[in-house]
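This report concerns only the one structure given below.
The values are calculated or read from the model by the stated rules, or taken from the named source; none is laboratory data. All values reported here derive from a predicted model rather than from experimental measurement. With ideal geometry, Cβ positions are generated from the backbone for all residues, glycine too; neighbour counts draw on all protein chains shown. Keep in mind that these areas ignore ligands, DNA and RNA; they rest on the heavy atoms of the full protein, side chains included. Shrake-Rupley method; radii C 1.70, N 1.55, O 1.52, S 1.80 Å.
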Amino acid sequence: QVQLVESGGGLVQAGGSLRLSCAASGRTFSTYAMGWFRQTPGKEREFVAARSWSGRSTYYADSVKGRFTISRDNFKNTVYLQMNSLKPEDTAVYYCALQYSNYYTDPRQYDYWGQGTQVTVSS
């Protein structure tokens, strides 16, 4: 079993920055991919970003390209999401997730999920 613990959410003004962190613990395998998703009321969970163990495969939603950066510290089993130039439409609950497959944008392929952290961007 794997547990994911997220931190870093909060309230910021438009144009500001936040850095989300998600630490994995428990019986993790040596190699796994991690991703970020977000969800707002009335909408299904949407893909934000993902990164493979090696970093050779990275994916971003079109809405966040150039503003968000996903990174990993494999030694710490932690994934980060650096969010810059935040917009009100980025407001959502952000979830980190872990998987062992190669389908990074599909939430159904992820095996473990964090509890979610609220990000609110004021206009």
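See the values below:
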{"quantity": "Meets criteria (of a type outside the set (S, T, N, Q), surrounded by 13 or more Cβ atoms within 10 Å (Cβ to Cβ) and within 22 Å of Gly42 (Cβ to Cβ)) for Tyr59", "calculated": "no"}
{"quantity": "Residue that is most open to solvent (accessible area, probe 1.4 Å) [pool: residues in the stretch 108-118 that are farther than 14 Å from Thr28 by Cβ and part of a loop (DSSP other than H, G, I, E, B)]", "calculated": "Gln115"}
{"quantity": "Tally, over the stretch 33-56, of residues that are of a type in the set (Lys, Arg) and either touching a helix residue (DSSP H, G or I) at 6+ places or on another chain (Cβ under 8 Å) or at pLDDT 95 or above (or both)", "calculated": "2"}
{"quantity": "Residue within the stretch 1-13 that is of a type in the set (Asp, Glu), more than 15 Å from Val64 (Cβ to Cβ) and open to solvent by 60 Å² or more (accessible area, probe 1.4 Å) present", "calculated": "no"}
{"quantity": "Members of the stretch 63-95 that are farther than 18 Å from Leu4 by Cα and touching a residue at least 60 places away in the same chain (Cβ under 8 Å)", "calculated": "Met83, Asn84, Ser85, Leu86, Lys87, Pro88"}
{"quantity": "Residue match in the stretch 19-28 (condition: open to solvent by 60 Å² or more (accessible area, probe 1.4 Å), within 19 Å of Lys87 (Cα to Cα) and either in contact with an Asp or Glu (Cβ under 6 Å, 6 or more places away or on another chain) or part of a loop (DSSP other than H, G, I, E, B) (or both))", "calculated": "no"}
{"quantity": "Among residues of the stretch 62-77, those that are surrounded by fewer than 20 Cβ atoms within 10 Å (Cβ to Cβ) and either out of contact with any Lys or Arg (no Cβ under 9 Å at 6 or more places or on another chain) or farther than 17 Å from Ser21 by Cα (or both), counted", "calculated": "10"}
{"quantity": "Which numbered condition Thr105 misses (of (1) among the polar types (S, T, N, Q); (2) assigned to a loop (DSSP other than H, G, I, E, B); (3) without any contact (Cβ under 8 Å) to a residue 40 or more places away in the chain)", "calculated": "(3)"}
{"quantity": "Residue in the stretch 78-102 that is most open to solvent (accessible area, probe 1.4 Å), counting only those that are at pLDDT below 95 and not in a strand (DSSP E or B)", "calculated": "Asn102"}
{"quantity": "Residue selected from the stretch 40-56 under the condition open to solvent by 60 Å² or more (accessible area, probe 1.4 Å) and in a strand (DSSP E or B), by the criterion farthest from Leu86 (Cα to Cα)", "calculated": "Arg51"}
